[in-house]
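Enquirer: The structure under discussion is supplied below as structure tokens; questions concerning it will follow.
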Amino acid sequence: MKVCLLYEDRERVNEVTYYDTASIIKDLGLKTLFVSASKKLIYENGAVKKADKEDTYLAETLRNVMMTPLATAEEIKFRQDIIRDCIAHEDMIRELYTISGMVLLKWNELGRGTRDKMQQSNPVTKLTSEIRVIHLLCDALSRIRGLLGQQEGLESKGLLTFRDELFKAFPEERESFVKKVLDDISFYTDGTEREDEGRSQVIKPRIVMECGLEDGLKFSSLKLEEVSSKSSKFYKPGSTMSKIQDFVNSRQPDSFSVTKDMHINEQSQTLEYGVVMYLTEELKGFTEEFQTFFDRLKFQAAFYLAAVQLAAQMERLGMDKCFPEVCDRRDLEFEELRELVMGLEHSVNVIGNSCKLEDTELMIVTGANQGGKSTFLRSIGIAQVMMQCGLMVWAKSYKSGIFPRIFVHFTRREDSEMNSGRLDEELGRMSKIVEQVGDGSLLLLNESFATTTEKEGSVIAYDIIKALNEAGVRILTVTHLLSFARRVHEESKGKENSGVVFLSAERKEDGTRTFRMIHHEPELTSFGLDLYADIVEKKKKD
């Protein structure tokens, strides 16, 4: 049975990820987001008391899904609707994750996919394990069907279809049949067990067969008529009650004990094995049908549980959150968009920005040092990646196009891993990006080519960005290369549809940074002297 909670018409198989997922995660700081989403918030008296420990499976699942972008607005809305349902029915998605995880854990303990040589060579052990697996699957499916049947108010197509398909694949009639067979052959796996009142019980088989007799009293036309398990009190062999029971049984007509003759005992065990194997084969299709069901359910439930817990983290910080809307690729519009990772790391409500870009191919952000330009760029990158996997974003509203290929090129500090100069390293990364980009790509540049002189860096930036724009790549860049910015501004001045927008980090007359971006042409300074004055003033006070 399929799960299909990530995609409406298929399971998640061989989907294409972003080109350089490691750089996207590193430069946008997404590891913090993964970890935060993997922690359940513990409440006490309506307030958050603490965050539970990290669930590494949730974090890894969210990373995998976020790095695999959706391709259409319909796919995004499909997931958004499921997330809405999961937020409203948090206990349901949490229980689906728990049940599927429990099944896989116990299944592995029973030797799923890793049976040792002894178990493979022992047919009795193998058969016993298979029966216990059927028990495990049947019980889990019963719990899931009961759980889904209790949910009222589900509205998403994904969850409603999942529930309907499960009810079809595992109706009450099928459950009753599977449980009837398991009860009938319980003697083979249960043996002796202790009931609630503390009395030991032994499970004995009742096997009725019909056959004909040929010459020499040989069986022919053997047919299985009935198999069942009977529970009776267990008495220790050799005890008085055991001897009395053996005596009573010996007085029954046409009966004999199979335990007193080794040869007959072996034949009875062979008969029991054959009968149980025959009945288990009847359930083989049941096991095969749900062979991968719980793996898929755990993975997909993990994504939605992480989405719910991430929404709870936003709620804890008083964050405005919304489900993004898909629009034309050349448009970008948002209201009070905030940098989520910074908010999660410092538990603060970060200053937001609002922006409306129409028919834009290139956005250039300049302005004061430490004015929030890089934070602004990251907030867009984070929101875009979250939108393209169906998640909510930290904003009052967010509209953007879909970019199946997102690339980031942020300046890096020099470290021991670099085998050449910083400019060579930057150009090397850019060369790899150029080989992959194309129409419909989004490129985020943060202080790129600032590792050389202002003049040389401006020439490099101008040539590369112009060529990529002409190839249909949308570029959002933060830069201190003012010669580059002014050159682009002069070329676009007076053009009605230049496709270029200039923003600047707002700075008040007294040098105060508001950390908000405003429409403004590139200036001739980054106001670095403001920072120098602040340092001098602090030293005077010290």
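The values are calculated or read from the model by the stated rules, or taken from the named source; none is laboratory data. On a predicted model such as this, the values are computed, not experimentally measured, just so you know. Every residue, glycine as well, gets a Cβ built from its backbone with ideal geometry; the counts of neighbours run over all protein chains shown.
Enquirer: Collect the residues in segment 33-79 that are in a loop (DSSP other than H, G, I, E, B) and farther than 16 Å from Leu310 by Cβ, keeping them in residue-number order.
Expert: Selection gives Asn45, Gly46, Lys53, Thr68, Pro69, Leu70, Ala71, Thr72.
Enquirer: Filter segment 493-523 down to the residues that are modelled with pLDDT under 85 and among the acidic types (Asp, Glu) and list them by number.
Expert: Result: Glu496, Glu509, Asp510, Glu523.
Enquirer: Does Ser526 satisfy being closer than 23 Å to Lys455 by Cβ, at pLDDT 90 or above and crowded, with 17+ Cβ neighbours inside 10 Å?
Expert: Criteria not met by Ser526.
Enquirer: Would you mind listing the strands (runs of 3 or more DSSP E) fully within segment 316-429 where at least 2 residues are at pLDDT below 95, buried (at least 21 other Cβ atoms within 10 Å of the Cβ) and assigned by TED's automatic domain parsing to the domain that holds Leu442?
Expert: Filter on segment 316-429 gives 362-367.
Enquirer: Looking at Tyr97, is it in contact (Cβ under 8 Å) with a residue 60 or more places away in the chain, of a type in the set (Ser, Thr, Tyr) and surrounded by fewer than 19 Cβ atoms within 10 Å (Cβ to Cβ)?
Expert: no
Enquirer: Out of all the residues in segment 440-455, which are surrounded by fewer than 17 Cβ atoms within 10 Å (Cβ to Cβ) and within 29 Å of the chain's Cα centre (by Cα)?
Expert: Within segment 440-455, just Gly440 meets the criteria.
Enquirer: Still on this structure: Residue under question is Asp424, and the condition is that it be without any contact (Cβ under 8 Å) to a residue 24 or more places away in the chain and farther than 27 Å from Gly371 by Cα; does it hold?
Expert: Details: without any contact (Cβ under 8 Å) to a residue 24 or more places away in the chain: yes; farther than 27 Å from Gly371 by Cα: yes.
Spelling it out, Asp424 is indeed without any contact (Cβ under 8 Å) to a residue 24 or more places away in the chain and farther than 27 Å from Gly371 by Cα.
Enquirer: Of the residues Lys466, Lys455, only one is free of Cβ contacts under 8 Å to residues at least 12 places away in the same chain, touching a helix residue (DSSP H, G or I) at 6+ places or on another chain (Cβ under 9 Å) and assigned to a helix (DSSP H, G or I); which?
Expert: Going through Lys466, Lys455 in turn, the sole match is Lys466.
Enquirer: Would you pick out the residues in segment 485-513 that are surrounded by 13 or more Cβ atoms within 10 Å (Cβ to Cβ) and on the phi > 0 side of the Ramachandran plot? Walk me through how you get there before you give the answer.
Expert: As a first pass, look at segment 485-513 and keep what is surrounded by 13 or more Cβ atoms within 10 Å (Cβ to Cβ): 485-489, 491-492, 498-507, 511, 513.
Residues satisfying the conditions are Gly499, Gly511.
Enquirer: A further question follows. Sort out which residues of segment 151-171 are assigned to a helix (DSSP H, G or I) and free of Cβ contacts under 8 Å to residues at least 40 places away in the same chain, and write them in order of number.
Expert: Listed by number, the residues that qualify are Leu160, Arg163, Asp164, Phe167, Lys168.
Conditions (1) of a type outside the set (S, T, N, Q); (2) within 27 Å of Tyr7 (Cα to Cα), marked per residue:
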| position | (1), (2) |
| --- | --- |
| Thr21 | no, yes |
| Ile24 | yes, yes |
| Leu30 | yes, yes |
| Ser38 | no, yes |
| Tyr43 | yes, no |
| Lys49 | yes, no |
| Tyr57 | yes, yes |
| Ile76 | yes, yes |
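Enquirer: Just to be sure before I move on: is Val178 more than 17 Å from Leu5 (Cα to Cα), surrounded by 16 or more Cβ atoms within 10 Å (Cβ to Cβ), touching a residue at least 24 places away in the same chain (Cβ under 8 Å) and not assigned by TED's automatic domain parsing to the domain that holds Ile87 in the structure I sent?
Expert: Numbers: more than 17 Å from Leu5 (Cα to Cα): yes; surrounded by 16 or more Cβ atoms within 10 Å (Cβ to Cβ): yes; touching a residue at least 24 places away in the same chain (Cβ under 8 Å): yes; not assigned by TED's automatic domain parsing to the domain that holds Ile87: yes.
When the stated conditions are applied, Val178 passes them.
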